[in-house]
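To start, the structure under review is shown below, and the notes come after it.
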Amino acid sequence: GAGVSQSPSNKVTEKGKDVELRCDPISGHTALYWYRQRLGQGLEFLIYFQGNSAPDKSGLPSDRFSAERTGESVSTLTIQRTQQEDSAVYLCASSLVYRDNEQFFGPGTRLTVL
Amino acid sequence: DAKTTQPNSMESNEEEPVHLPCNHSTISGTDYIHWYRQLPSQGPEYVIHGLTSNVNNRMASLAIAEDRKSSTLILHRATLRDAAVYYCILRDSGGSNYKLTFGKGTLLTVNP
């Protein structure tokens with residue numbers, strides 16, 4: 001079946017602009033996660049959704065970052081007033097249930113802030 | 001969080017076995033050992049996990065030391081497609097274990 005998809009695959013924006021990154025999880029997966037991966041670095045947790053609610057937003061770096069999930073499906077990560085340090089690959093993952101052994105990752109969105 | 005230590009890089013030849021080590025000397029009794037890998041320009045991919053006993057699946061084998069302070073991911077016959085960064089992580093059986101936190105992992109190069 002279809003895996004996790006993310007769009008756009010690449011986004012170049014100017015400092016100060018807002019961006020929206022989209023994630024389509026695997027159908028039927030109740031848990032959805034956003035991560036950030038800076039160049040040459042490991043994975044950094046941002047936020048987790050169980051259904052449409054976000055029990056854990058502890059990884060969001062600042063109030064410029066927000067995320068929502070609708071219909072227990074699509075999720076959007078929004079970054080307002082982007083800064084150069086926001087440049088990274090933003091990865092979305094989903095799992096059948098929270099704490100599932102396996103998280104399925106999308107290909108990521110590469111964000112470049114000029 | 002319990003930490004893991006992996007070599008920065010390893011090299012192998014195609015069709016030979018590869019043993020990727022991971023040290024986790026501060027592992028707790030409720031920590032599972034998970035391995036993910038990340039191929040170039042792709043998202044991470046689950047490989048295998050275990051608690052105490054050795055584990056096998058279609059992708060790899062996981063050998064866990066008796067004291068659980070180290071483990072080894074074994075690829076029985078490396079292919080060019082196995083060239084990736086391999087991450088060894090510990091996940092507690094409870095709490096906020098849904099947060100995957102990767103370090104820098106081991107970059108595996110497979111030579112034809």
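The values are calculated or read from the model by the stated rules, or taken from the named source; none is laboratory data. What you see is a predicted model, and the numbers here were worked out from it, not measured in a lab. Because the Cβ atoms are built from the backbone with ideal geometry, glycine has one as well, and the counts that use them run over all protein chains shown. For accessibility, only protein heavy atoms count, side chains too; no ligands or nucleic acids. Shrake-Rupley method; radii C 1.70, N 1.55, O 1.52, S 1.80 Å.
Hey, what D do you get for the protein assembly as shown in µm²/s if you plug the Kirkwood alpha-carbon radius into Stokes-Einstein at 25 °C and 0.890 mPa s?
Details: Rh = 18.2 Å.
Answer, rounded: 135 µm²/s.
Model label sites at A:Lys57 and B:Leu80, defined 7 Å from Cα along the beta-carbon direction, differ in position by 4.7 nm.
Within the accessible area of the protein assembly as shown, what % is carbon and sulfur when the probe is 1.4 Å and the other protein chains stay in place? Let's see the in-between values first.
Working: 5140 of 11080 Å².
Whole-percent figure for carbon plus sulfur exposure: 46.
Close amide H contacts of B:Ile48 (hydrogens built in the peptide plane, cut-off under 5 Å, sequence separation of 5 or more or a different chain): B:Trp35. In the context of the full protein assembly, B:Leu51 retains an accessible surface of approximately 60 Å², using a probe radius of 1.4 Å and ignoring ligands and nucleic acids.
Taking chain A as a Gaussian network, Cα atoms linked when under 10 Å apart, which of A:Gly51, A:Gly59, A:Gly40 shows the biggest mean-square fluctuation? Looking only at A:Gly51, A:Gly59, A:Gly40, the largest GNM fluctuation is found for A:Gly40. Overall shape: prolate for the stretch A:14-85, with the ratio a/c of the largest to smallest alpha carbon gyration tensor axis at 1.5 or above and a/b above b/c.
In order along the stretch B:25-38, phi translates into HN-Hα couplings of 5, 9, 4, 9, x, 9, 7, 8, 9, 10, 10, 10, 9, 9 Hz, rounded to whole numbers, per the Karplus curve 6.51 cos²θ - 1.76 cosθ + 1.60 with θ = phi - 60° and x for Gly and Pro. Enter the Cα centre distance for the pair the stretch B:8-31 and the stretch A:1-37, rounded to the nearest angstrom. With the stretch B:8-31 and the stretch A:1-37 each reduced to a Cα centre, they are spaced 30 Å.
Find out how many positive minus negative residues lie around B:Val18, taking Lys and Arg as positive, Asp and Glu as negative, among other residues whose Cβ is under 13 Å from that of B:Val18. Mind showing how you got there, number by number?
On the way: positive: B:Arg37, B:Arg77, B:Arg81; negative: B:Glu11, B:Glu14, B:Glu15, B:Glu16, B:Asp82.
In short, -2.
Counting only C-alpha contacts under 8 Å and six or more residues apart, can you give the relative contact order of chain A as a whole percent?
Working: 285 pairs, mean separation 42.7, N = 114.
Contact order relative to length: 37 percent.
Buried area at the A:B interface is about 1700 square angstrom, summed over both chains, from accessible surfaces computed with a 1.4 angstrom probe.
Quick one: order B:His24, B:His76 from most to least accessible surface, probe 1.4 Å. It would help to have the intermediate numbers written out before the result.
Working: B:His24 0, B:His76 110 Å².
I get B:His76, B:His24, largest accessible area first.
Remark: the stretch A:15-95 carries 43 Å² of accessible area per residue (probe radius 1.4 Å; ligands, DNA and RNA excluded). Counting lysine pairs in the protein assembly as shown whose alpha carbons fall under 20 angstrom apart, excluding pairs fewer than 8 residues apart on the same chain, gives 5.
Just how many % of Cα pairs in the stretch B:20-90 lie over 21 Å apart, if you round to the nearest whole percent?
Working: 558 of 2485 pairs.
Tail of the P(r) past 21 Å holds 22 percent of the pairs.
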